[in-house]
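Q: Take this structure first; my questions come after.
The values are calculated or read from the model by the stated rules, or taken from the named source; none is laboratory data. A quick note: this is a predicted structure, and the numbers were derived from the prediction, not measured. Note that we place each Cβ from the backbone using ideal geometry, even for glycine, and neighbour counts take in every protein chain shown. Accessible surface is based on the protein model in full, side chains and every heavy atom, while ligands, DNA and RNA are left aside. Shrake-Rupley method; radii C 1.70, N 1.55, O 1.52, S 1.80 Å.
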Amino acid sequence: AAGVIQSPRHLIKEKRETATLKCYPIPRHDTVYWYQQGPGQDPQFLISFYEKMQSDKGSIPDRFSAQQFSDYHSELNMSSLELGDSALYFCASSSLSRVSAFFGQGTRLTVV
Amino acid sequence: ELKVEQNPLFLSMQEGKNYTIYCNYSTTSDRLYWYRQDPGKSLESLFVLLSNGAVKQEGRLMASLDTKARLSTLHITAAVHDLSATYFCAVITGTASKLTFGTGTRLQVTL
């Protein structure tokens, strides 16, 4: 069965650069969630989209933005990167029934 | 604001022993999820609990939900080393626009 696909898997950027993370949800899933997980931390909610509209916003810095496109894939754009942005970034998707939410493999972002 | 707490945060147990991880949440919720995470890896869905009294079992793991007490438990029976991982519970509210995770329980099963 198709899973949530994230790209890239690994990304190394310098401070003040920008990064774009992509997420391709499971087919027919209409909701996408983005999470940030620092070392030894629980996943922190950043933002979610339902049917291409932002549905909730968490502790997402103003330097970050995200959107969901017509094909339901989503992108997280991160600008003016800081060392503290180094983390695992997960995308998850679910359907309207939200019986289950499945996570992608994550993107490990390292800011140097 | 919804708060989700797990205990213990860290659990070291011997193979063959039983133990329970607890997940408390602060507001009414529609459903509760349990995930497993190996270091540096993704979150693997274990259980989804949809109603009061729900009980689900998979192998040596059994999860239950008491919505009145706002409590879920993850019971480990006869632990084996392969169960070593971090276990998270996550709660979704009626608005269903985000999952709120617990603090995680790092389980270490020793031989």
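Q: Quote the total accessible area buried by chains B and A together, excluding ligands, DNA and RNA, probe 1.4 Å, nearest 100 Å². Please report the intermediate quantities before stating the final value.
A: On the way: alone 6260 and 6270 Å², together 10890 Å².
It comes to approximately 1600 Å² buried between B and A.
Q: Separate question: Can you give the FRET efficiency to the nearest 0.05 for A:Lys57 and B:Leu111, using r as the Cβ-Cβ distance and R₀ = 41 Å?
A: For R0 = 41 Å, the calculated efficiency reads 0.35.
Q: For A:Tyr89, what is the net charge nearby, where nearby means another residue's Cβ is under 12 Å from its Cβ and Lys, Arg count +1, Asp, Glu -1?
A: +1
Q: Mind checking which lysines have their Cα closer than 26 Å to the Cα of A:Lys22? Skip sequence neighbours fewer than 8 apart in that chain.
A: Within the straight-line limit of under 26 Å, A:Lys22 reaches these lysines: A:Lys13, A:Lys52, A:Lys57, B:Lys41, B:Lys98.
Q: In addition: Under a cut-off of 13 Å between alpha-carbon atoms, report the aspartates and glutamates in cross-link reach of B:Lys56, not counting same-chain residues fewer than 8 places apart.
A: Within reach: B:Asp66.
Q: Would you look at the GNM of chain A, springs on alpha carbons closer than 10 Å, and say which of A:Ser74, A:Ser48, A:Ser95 moves the most?
A: A:Ser95
Q: What are the ³J(HN,Hα) values, in whole Hz, obtained from phi via the Karplus relation 6.51 cos²θ - 1.76 cosθ + 1.60 with θ = phi - 60°, for each residue of region A:15-28 in sequence order, with x given for Gly and Pro?
A: With coefficients 6.51, -1.76 and 1.60, one gets 3, 6, 7, 10, 9, 10, 10, 10, 9, 10, x, 5, x, 6 Hz.
Q: Take the Cβ-Cβ distance between B:Gln57 and A:Arg16 as r, set R0 to 35 Å, and report the resulting FRET efficiency rounded to the nearest 0.05.
A: It comes to 0.10.
Q: Let me ask you something else. Over chain A, give the accessible area per residue in Å² for a 1.4 Å probe, as an integer. Provide the component values of the computation, followed by the final result.
A: On the way: 5470 Å² over 112 residues.
Value for chain A: 49 Å² per residue.
Q: Carbon and sulfur together cover what percent of the accessible area of the protein assembly as shown at a 1.4 Å probe radius?
A: On the way: 5380 of 10890 Å².
Carbon with sulfur: 49 percent of the solvent-accessible area.
Q: To continue, here is another question. What full-extension length gain, to one decimal in nm, is calculated for A:Asn77 and A:Arg28 as 0.36 nm per residue of separation minus the Cα-Cα distance?
A: Full extension from A:Asn77 to A:Arg28 adds 15.3 nm.
Q: Cβ neighbours within 10 Å, averaged per peptide: list B:31-40, B:68-77 in order, most packed at the top.
A: Ranking the peptides B:31-40, B:68-77 by packing returns B:31-40, B:68-77.
Q: For chain B, what is the relative contact order in percent, using Cα pairs closer than 8 Å and at least 6 residues apart in sequence?
A: 37 percent
Q: Also, quick follow-up: For region B:1-64 and region A:53-112, what is the separation of their Cα centres, given in Å?
A: The distance from the Cα centre of region B:1-64 to that of region A:53-112 comes to 24 Å.
Q: Do any chymotrypsin sites (Phe, Trp or Tyr not before Pro) in region A:42-108 lie in a DSSP loop with no more than 15 other beta carbon atoms within 10 Å, and if so, which?
A: Sparse-neighbourhood loop chymotrypsin sites (Phe, Trp or Tyr not before Pro): A:Phe69.
Q: Would you mind estimating how fast region B:1-108 diffuses translationally, via Stokes-Einstein at 20 °C and 1.002 mPa s with the Kirkwood radius over Cα pairs, in µm²/s? Intermediate results must be reported in sequence, preceding the final value.
A: Numbers: Rh = 13.8 Å.
Value of D from the Cα-based Kirkwood radius: 155 µm²/s.
Q: Most mobile of B:Glu58, B:Glu44, B:Glu15 per a Gaussian network model of chain B (Cα springs, under 10 Å)?
A: B:Glu58
Q: Take peptide B:33-46, look around each residue's Cβ out to 10 angstrom, count Cβ atoms belonging to other protein chains, and average those counts.
A: 4
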